[in-house]
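Read the structure below first, then the notes.
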Amino acid sequence: MTADTTAPGPVGAEPWTGQWVTDRLGLRLSGGPELTALIGLALRVNPKRAHLLVSQVLGKHVPQRPEVVHGAGLELGRRVAELLGPADTARAVVLGYAETATALGHSVADGLDAPYLHSTRRPVPGLAPLGGFEEEHSHATSHLLLPEDPALLAGDGPLVLVDDEFSTGTTVLNTVRALHAAHPRERYVVVALVDLRTPADRARLHEAAAELGARVDLVATAGGGVHLPEDVLDRARALIDAAPDQPRPAGPQGELTRLRLPWPEGLPDGGRHGFTPAHRRRLDEALPALGAALAAAVGPEPRRVLVLGCEELMYAPLRLAEALQRRLPDAEVRFSTTTRSPVFAHDHPGYAIRTRLAFTAHDDPAGDDSTERYAYNVAPGSDPARRFDTVVLVVDDPADTPALHHGPDALLPRLRTTTDHVVLAVLPSYRPAPPA
């Protein structure tokens, strides 16, 4: 059995950042104003899909106030707790999807005060995956599940699966089937910011739930649909091919400060291997000191500060951004993260991805640093008001490699051309002990 529920999201006053795409692709969105308040649109550089739904509250492609990003997940978590009731909430485990939904899933788990795990694309030598699944439409498909405690997903309480969007529901179905085969349970809750599935996709989820003999509930902030012309891929490719390249930022390099944060010993830097309510309490206790260290490194009287996370490493930078905002109440602090996802950038107010910094991969588990990664809407482009005077780049130590620092397309030199000051904050990565 399945049940679906949507609720209105925040309605913003700024111009909608999807109009450029709808005007040129013939794409149409159905849904109320709560949907367009949550998402803009951009063109993917991907032969499988033409468009990208660009969340305004995810903290991935669009720099956003950290309290808005964290709050969106907390609210979804509270709604899940209300749906489950106290007894089932106490038994729930939350699973988020890499890379985009790692912080969203963490925030949902915060709202439930539940244990959390997110999938990862970074293998760990000596740690065998508990499972994995595929995301067919993505540019990078393989997801690994690497919990330090294999019992984390072995219970029979509700499993809450969190992604940023539901376009077809295929990834969720793949996950539920794989996990149910290993550890059957009676109830799943699927959570996202937006649900844009077709009636046929919804029927598939109903059928799968009946086939498994499980209840599958769905909670989303906003719902609607995407309607695409048959030639949408050709239209998108023609637009990308006809566009001139964006100029590279070419200013003098800003100051660089390196900061090793006083991260609590043994505290995981995220949910890659599991994050418990006890870990959450330790982080909450440490955040004031972490925020003070960041504020001291940023310096006096900053105007606009961006805290930039690194791919899957979203939640720790998000909470650090919140702590920094508390220490700098007169500054505007924003949060976003780098990504593997290639997206076309166009400096137009009706388009969601205004600027793109492409840089050499510095955190590739296969050791291939020839591939590109991206940071969107970090460079100011044609609008000086969008410029950040300080960027705090947060990485874990496996990502603090020579490829981050050196080379014409390294991230640090590229960031320094966009701002007056870059603070590089390095977290100690949590490494599970190898099994005995």
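Please treat every number below as a calculation from the coordinates, not as lab data. Quick caveat: nothing in here was measured; it's all calculated off a predicted structure. Don't worry about glycine lacking a Cβ; one is built from the backbone with ideal geometry, like all the others, and counts go over all protein chains shown.
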Open item on the list: I need the calculated FRET efficiency for the pair Ala292 and Thr198, taking r as the beta carbon distance and R₀ as 45 Å, to the nearest 0.05.
Closed with: 0.35
Task: Residue order, fewest to most surrounding Cβ atoms within 10 angstrom, among Leu318, Leu146 - done: Leu146, Leu318
TODO: Subtracting the Cα-Cα distance from 0.36 nm times the residue separation, let me have the gained length for Ala243 to Arg303 in nm, one decimal.
DONE: 18.3 nm
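Run the numbers on the stretch 245-346 and let me know its relative contact order in percent, using alpha-carbon pairs under 8 Å that are six or more apart. Intermediate results must be reported in sequence, preceding the final value.
Values: 98 pairs, mean separation 27.7, N = 102.
Computed over the stretch 245-346, the figure is 27 percent.
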Task: Ellipticity estimate at 222 nm from DSSP helix runs (n ≥ 4, -39,500 (n - 2.57)) divided over the chain, nearest 500 - done: -9000 deg cm²/dmol
- [ ] Pop the C-beta distance of Asp397 and Ala250 into the FRET formula with R0 = 30 Å and round what comes out to the nearest 0.05.
- [x] 0.45
Task: the chain - Kirkwood radius from inverse mean 1/r over Cα pairs (Å) - done: 22.0
- [ ] Give the order of Ile353, Ile39 when sorted by the count of other beta carbons within 10 angstrom, beginning with the fewest.
- [x] Ile353, Ile39
Task: Distance between modelled label sites at Glu265 and Arg281, nm, 7 Å Cα→Cβ extension - done: 2.1
- [ ] Report the trypsin sites (Lys or Arg not before Pro) located in the stretch 40-121 that are in a DSSP loop and have at most 11 other Cβ atoms inside 10 Å of their Cβ, or state none.
- [x] Lys48
- [ ] Quote the relative contact order of the chain in percent (integer), defining contacts as alpha-carbon pairs under 8 Å separated by 6+ residues.
- [x] 20
- [ ] Starting from the Cα of Ser30, step 7 Å along the direction of its Cβ; do the same at His227; then give the gap between the two resulting points in nm.
- [x] 0.7
